[in-house]
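Notes follow once the structure below has been shown.
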Amino acid sequence: QVQFVESGGALVQPGGSLRLSCEGSGDIFSIYDMAWYRLAPGKKRELVARISSGGGVLYTDSVKGRFTISRDNTRNTVYLQMNSLKPDDTAVYYCHVDVRPIATTFPRRVWGPGTQVTVSS
């Protein structure tokens with residue numbers, strides 16, 4: 001069974017930084033797109049950033065210039081470096097990965113359980 005688990009969420013003051021990680025485990029054959037989403041109270045789930053298998057990246061406008069997504073294919077891991085954090089960044093952050101397990105033909109989409117990020121003074 002393939003799973004991905006996030007880590008790195010915390011309480012941080014405005015202007016601070018955090019680095020989120022999402023590591024995969026299990027019978028992974030290959031990984032395609034990896035992404036971070038967030039869900040804040042009273043808001044819809046939002047795509048924060050996405051990175052393709054070739055390294056192409058995409059960010060939502062509100063985080064451009066502050067957040068950086070990266071991946072380490074040798075560790076089956078995607079990262080989100082978050083700088084200049086604002087209270088509006090407070091949310092549960094989820095990783096979302098397109099992954100093809102061993103002995104399967106097609107990729108499937110896997111969500112992590114989420115990690116809480118709270119930006120407050």
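The values are calculated or read from the model by the stated rules, or taken from the named source; none is laboratory data. It should be emphasised that the depicted structure is a prediction, and the values quoted were computed from it without experimental measurement. Methodologically, a virtual Cβ is constructed for each residue, glycine included, from the backbone with ideal geometry; neighbour enumeration extends over all protein chains shown. Note: areas computed on protein heavy atoms with side chains; ligands, DNA, RNA excluded. Shrake-Rupley method; radii C 1.70, N 1.55, O 1.52, S 1.80 Å.
Couple of notes before you dig in:
- Yes/no for V119 being open to solvent by less than 30 Å² (accessible area, probe 1.4 Å), closer than 17 Å to P14 by Cβ, touching an Asp or Glu at 6+ places or on another chain (Cβ under 8 Å) and touching a residue at least 24 places away in the same chain (Cβ under 8 Å): yes
- S30 satisfies every condition listed in (1) modelled with pLDDT under 95; (2) open to solvent by 70 Å² or more (accessible area, probe 1.4 Å) except (2).
- Across region 85-101, the qualifying residues are those that are in contact with a Pro (Cβ under 7 Å, 6 or more places away or on another chain) and of a type outside the set (D, E), and the one among them that is farthest from N73 (Cα to Cα) is P87.
- Subset of region 92-110 [of a type in the set (D, E, K, R) and either open to solvent by 40 Å² or more (accessible area, probe 1.4 Å) or on the phi > 0 side of the Ramachandran plot (or both)]: R100, R108, R109
- For region 38-55, the tally of residues that are open to solvent by less than 40 Å² (accessible area, probe 1.4 Å) and more than 17 Å from T74 (Cα to Cα) stands at 4.
- Cross-chain or 6+ apart pairs with Cβ under 7 Å, region 75-94 first and over 13 Å from L20 (Cα atoms), then basic (K, R) and not in a strand (DSSP E or B): S84/R66
- Among the conditions (1) more than 17 Å from V2 (Cα to Cα); (2) open to solvent by 40 Å² or more (accessible area, probe 1.4 Å); (3) at pLDDT 95 or above, the only one that P113 does not satisfy is (1).
- Checked against the criteria, R100 counts as over 17 Å from the mean Cα position of the chain (by Cα) and charged (D, E, K, R).
- Checking each residue in region 70-91 for being open to solvent by 30 Å² or more (accessible area, probe 1.4 Å) and within 21 Å of S25 (Cβ to Cβ) picks out S70, R71, D72, N73, T74, R75, N76, Y79.
The rows are residues; the columns are (1) closer than 22 Å to V119 by Cα; (2) touching an Asp or Glu at 6+ places or on another chain (Cβ under 9 Å).
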position	(1), (2)
G8	yes, no
M34	no, yes
A40	yes, yes
R66	yes, yes
N76	no, yes
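- Check on L58, of a type outside the set (D, E, K, R), without any contact (Cβ under 8 Å) to a residue 12 or more places away in the chain and open to solvent by 50 Å² or more (accessible area, probe 1.4 Å): yes
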